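The values are calculated or read from the model by the stated rules, or taken from the named source; none is laboratory data. Quick caveat: nothing in here was measured; it's all calculated off a predicted structure. All Cβ positions, glycine included, derive from the backbone under ideal geometry; neighbour counts span all protein chains shown. For the accessible areas, the whole protein counts, side chains as well, though only heavy atoms, and no ligand, DNA or RNA atoms are used. Shrake-Rupley method; radii C 1.70, N 1.55, O 1.52, S 1.80 Å.
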Amino acid sequence: MSLNRYEQALFDYWTKQPDEKRHWQSKVIELTRTPAGDPGVMARALERELWEHLVERSQHVRVLRELRLDGVPRVSLLNLAEHVIRLWGPPTKPRRQAAP
């Protein structure tokens with residue numbers, strides 16, 4: 001999966017901040033706890049929260065501030081949302097092989 005520079009900067013920030021990473025891991029686990037949840041709906045909901053988080057943290061974290069979000073139209077973080085859902089969410093069930 002390819003992340004844009006905003007998504008990659010946020011993901012890299014989490015790797016250097018274990019508390020932030022744990023927070024988002026638990027948020028993803030909680031979000032994906034519903035077994036019948038639609039993955040697309042979950043990803044879009046998470047993406048909105050990630051954008052708010054990025055905007056808030058960019059005021060305080062130099063690496064994120066350097067992204068210069070002021071004046072930038074809203075950037076999609078959907079790839080990051082989908083990535084962390086796959087990474088930290090429940091394992092997906094393997095698809096059944098079609099009978100020959």
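Does segment 70-90 hold any residues that are open to solvent by less than 90 Å² (accessible area, probe 1.4 Å), touching a Phe, Trp or Tyr at 6+ places or on another chain (Cβ under 9 Å) and not small (Gly, Ala, Ser), and which are they?
If the condition is that a residue be open to solvent by less than 90 Å² (accessible area, probe 1.4 Å), touching a Phe, Trp or Tyr at 6+ places or on another chain (Cβ under 9 Å) and not small (Gly, Ala, Ser), then Val72, Val75, Leu77, Leu80, His83, Val84, Trp88 are the ones that fit.
Search segment 15-37 for residues being in a loop (DSSP other than H, G, I, E, B) and open to solvent by less than 50 Å² (accessible area, probe 1.4 Å), and hand back the single one that is nearest to Pro91 (Cα to Cα).
Thr32
Are any residues in segment 49-64 surrounded by fewer than 18 Cβ atoms within 10 Å (Cβ to Cβ) and in a loop (DSSP other than H, G, I, E, B), and if so, which ones?
Result: Gln59, His60.
Considering only residues of segment 1-14 that are hydrophobic (A, V, I, L, M, F, W, C) and surrounded by 13 or more Cβ atoms within 10 Å (Cβ to Cβ), which is farthest from Leu80 (Cα to Cα)?
Result: Trp14.
Does Leu46 satisfy the condition of being open to solvent by less than 80 Å² (accessible area, probe 1.4 Å), closer than 15 Å to Gln8 by Cβ, touching a residue at least 12 places away in the same chain (Cβ under 8 Å) and not in a loop (DSSP other than H, G, I, E, B)?
So Leu46 does not fit the description; no.
Val41 versus (1) over 17 Å from Arg5 (Cβ atoms); (2) open to solvent by 50 Å² or more (accessible area, probe 1.4 Å); (3) touching a residue at least 24 places away in the same chain (Cβ under 8 Å): which is the lone unmet condition?
Result: Val41 fails condition (3) only.
Checking Leu67 against (1) outside any helix (DSSP H, G or I); (2) crowded, with 17+ Cβ neighbours inside 10 Å, which test does it fail?
In the conditions (1) outside any helix (DSSP H, G or I); (2) crowded, with 17+ Cβ neighbours inside 10 Å, Leu67 misses (2) alone.
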